[in-house]
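The values are calculated or read from the model by the stated rules, or taken from the named source; none is laboratory data. What you see is a predicted model; the values in this text were computed from it and never measured. Neighbour counts run over all protein chains shown; Cβ positions are idealised from the backbone, glycine included.
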Amino acid sequence: MKNKLEDLKKQILDELAKAKSGELLRELEIKYLGRKGELSNILRGVKDLGAEERQEIGALANAIKTEVTAKFEEIKKETESKETATGFVDVTLPGKKIVRGHLNPISIIQAELEDLFISLGFMVADGPELESDYYNFEALNIPKSHPARDMQDTFYIDKKNAEGEYDLLLRTHTSPVQVRAMQKYGAPLKAVVPGRCFRSEATDARHEHTLYQFEGFMIDKDINFSHLKGVLELVGKKLFGEETKLRMRPKFYPFVEPGTNGEFTCLLCKGKGCRLCKNSGWLEVIGAGLIHPEVLRAGGIDPEIYSGFAFGFGLSRLAQLKYGIDDARLAMSGDLRFLQQF
Ligand code: PHE
């Protein structure tokens with residue numbers, strides 16, 4: 001009996017050593033350790049032995065069972081880790097969650113406005129961020145000595161042209177695309193231009209050196225102020241809700257005549273007056289007007305035949321107002337804690 005047990009142990013350990021796959025292991029486990037397995041049979045027979053033998057064989061059989069079971073577990077672990085490393089996939093495990101990104105609030109507003117203007121038949125135009133002095137200023141009726149250049153602190157590129165002037169810069173607004181588009185497409189023309197602009201500013205919670213603007217213009221015969229007003233009203237409703245009202249007051253920009261600002265009823269207090277609108281009930285967000293005849297001429301369009309309106313506003317500022325973002329620098333910080341809120 002004793003020998004039989006020792007032989008069985010040897011046999012089990014030998015076969016175990018050869019078992020390479022999890023499947024084989026499970027077969028062996030049933031064959032030897034299962035309820036009807038060989039070792040269990042012997043253990044079951046122990047009770048029929050004489051008292052002395054019973055004790056000895058019982059102890060030995062139990063010891064073998066413990067040893068063999070431990071060996072089974074050890075080898076099972078080994079083959080399991082090998083099998084996963086060689087491409088075994090447990091399809092019952094829960095999947096890995098794919099983390100979805102978030103759109104930047106500026107992108108969200110830009111897409112909303114593009115949709116609105118595309119539905120009105122506008123094209124979405126583009127222009128260079130590295131712009132010439134000519135398109136950024138001259139063509140927009142802002143000559144060299146014009147004090148209006150001070151309105152927009154400019155990053156110039158450190159490279160002089162043949163005349164010894166710095167004539168390349170980072171565009172300070174999207175308005176240069178007005179003239180570029182006129183030259184490229186002629187009249188009539190309806191376009192919006194979302195884009196990145198730069199101003200040499202010290203940054204703080206209200207100012208960023210890099211900002212996003214949204215420009216729009218429409219040129220055709222007999223375009224007048226009411227067309228501008230109608231379009232801006234739509235923008236206000238789209239952004240801040242149906243009940244939003246528009247107010248326009250005179251404002252100077254060299255490239256429009258007459259020039260105006262566009263104010264919407266404050267989205268927080270709906271016009272009653274609060275901290276956001278400095279108790280005025282209105283938020284000034286837009287610069288606009290009828291395109292100056294000189295600008296149309298620079299674009300190759302005859303101001304005696306055509307007229308047009310143009311407007312521009314800061315997408316960054318709109319996003320700040322709409323989503324109650326209290327620091328202008330957050331939108332471009334790349335901070336996930338910020339982005340994940342949209
Ligand atoms: N370009 C002006 C700015 O950056 C905004 C503007 C655009 C004003 C078009 C009038 C017409 O402030």
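Of all the criteria given as (1) surrounded by 13 or more Cβ atoms within 10 Å (Cβ to Cβ); (2) in a loop (DSSP other than H, G, I, E, B); (3) at pLDDT 90 or above, the one not satisfied by residue 201 is (3). The C-beta contact set for the range 200-226 (first residue in the same structural domain as residue 116 (by TED's automatic domain parsing), second residue loosely packed, with under 15 Cβ neighbours inside 10 Å and assigned to a strand (DSSP E or B), distance under 7 angstrom, 6+ apart or interchain) comprises 201/207. Only residues that are within 16 Å of the ligand (Cβ to nearest atom), part of a loop (DSSP other than H, G, I, E, B) and among the hydrophobic types (A, V, I, L, M, F, W, C): list them for the range 252-300, please. Hits for the range 252-300 are 252, 255.
Based on what the data block shows, is residue 238 more than 11 Å from the ligand (Cβ to nearest atom), over 29 Å from residue 176 (Cβ atoms) and not in a strand (DSSP E or B)?
No.
Is the range 177-190 home to any residue that is over 30 Å from the mean Cα position of the chain (by Cα) and either among the basic types (Lys, Arg) or not assigned by TED's automatic domain parsing to the domain that holds residue 311 (or both)? Looking for residues that are over 30 Å from the mean Cα position of the chain (by Cα) and either among the basic types (Lys, Arg) or not assigned by TED's automatic domain parsing to the domain that holds residue 311 (or both), one finds at least one in the range 177-190, hence yes.
Inside the range 204-219, residues that are under 18 Å from residue 188 (Cβ atoms) and in contact with a Leu (Cβ under 8 Å, 6 or more places away or on another chain) make up a count of 3. What are the pairs with Cβ atoms under 7 angstrom where one residue, in the range 269-284, is more than 21 Å from residue 235 (Cα to Cα) and the other, located anywhere, is among the polar types (S, T, N, Q)? Sequence gap at least six, or different chains. Taking only residues 6 or more apart or on different chains, the pairs are 273/279; 273/280.
Within the range 204-213, one or more residues are in a strand (DSSP E or B), of a type outside the set (S, T, N, Q) and modelled with pLDDT of 90 or more. Condition (residue is among the small types (Gly, Ala, Ser), touching a Lys or Arg at 6+ places or on another chain (Cβ under 7 Å) and either outside the structural domain of residue 17 (by TED's automatic domain parsing) or without any contact (Cβ under 8 Å) to a residue 24 or more places away in the chain (or both)) applied to the range 82-91: is it met by at least one residue? No, there is no match, as no residue in the range 82-91 is among the small types (Gly, Ala, Ser), touching a Lys or Arg at 6+ places or on another chain (Cβ under 7 Å) and either outside the structural domain of residue 17 (by TED's automatic domain parsing) or without any contact (Cβ under 8 Å) to a residue 24 or more places away in the chain (or both). Sort out which residues of the range 279-300 are in contact with a helix residue (DSSP H, G or I) (Cβ under 9 Å, 6 or more places away or on another chain) and surrounded by fewer than 19 Cβ atoms within 10 Å (Cβ to Cβ), and write them in order of number. Within the range 279-300, 294, 300 qualify.
Remark: residue 254 matches the filter, which requires a residue to be closer than 17 Å to residue 294 by Cα, touching a helix residue (DSSP H, G or I) at 6+ places or on another chain (Cβ under 7 Å) and touching a residue at least 40 places away in the same chain (Cβ under 8 Å).
State whether the residues of the range 90-113 include one that is part of a loop (DSSP other than H, G, I, E, B) and among the hydroxyl-bearing types (Ser, Thr, Tyr). Looking for residues that are part of a loop (DSSP other than H, G, I, E, B) and among the hydroxyl-bearing types (Ser, Thr, Tyr), one finds at least one in the range 90-113, hence yes. Which one is farthest from the chain's Cα centre (by Cα), of the residues in the range 301-321 that are more than 10 Å from the ligand (Cβ to nearest atom) and in a strand (DSSP E or B)? Going through the qualifying residues, I end up with 307. Filtering 239, 276, 267 for residues that are among the aliphatic types (A, V, I, L, M), within 30 Å of the chain's Cα centre (by Cα) and surrounded by fewer than 16 Cβ atoms within 10 Å (Cβ to Cβ) leaves a single hit, 276. Note on the range 214-235: among residues that are among the aromatic types (Phe, Trp, Tyr) and part of a strand (DSSP E or B), the one that is nearest to the ligand (Cβ to nearest atom) is 217. Counting only helices (runs of 4 or more DSSP H) that sit completely within the range 1-57, those holding 1 or more residues that are over 29 Å from residue 77 (Cα atoms) correspond to 2-18, 38-45. Please verify whether residue 193 is touching a residue at least 60 places away in the same chain (Cβ under 8 Å), more than 25 Å from residue 324 (Cα to Cα) and buried (at least 20 other Cβ atoms within 10 Å of the Cβ), treating the condition exactly as stated. Taking the combined requirement at face value, the residue does not satisfy it. Within the range 289-342, how many residues turn out to be within 24 Å of residue 189 (Cβ to Cβ) and free of Cβ contacts under 8 Å to residues at least 12 places away in the same chain? Number of matching residues: 4.
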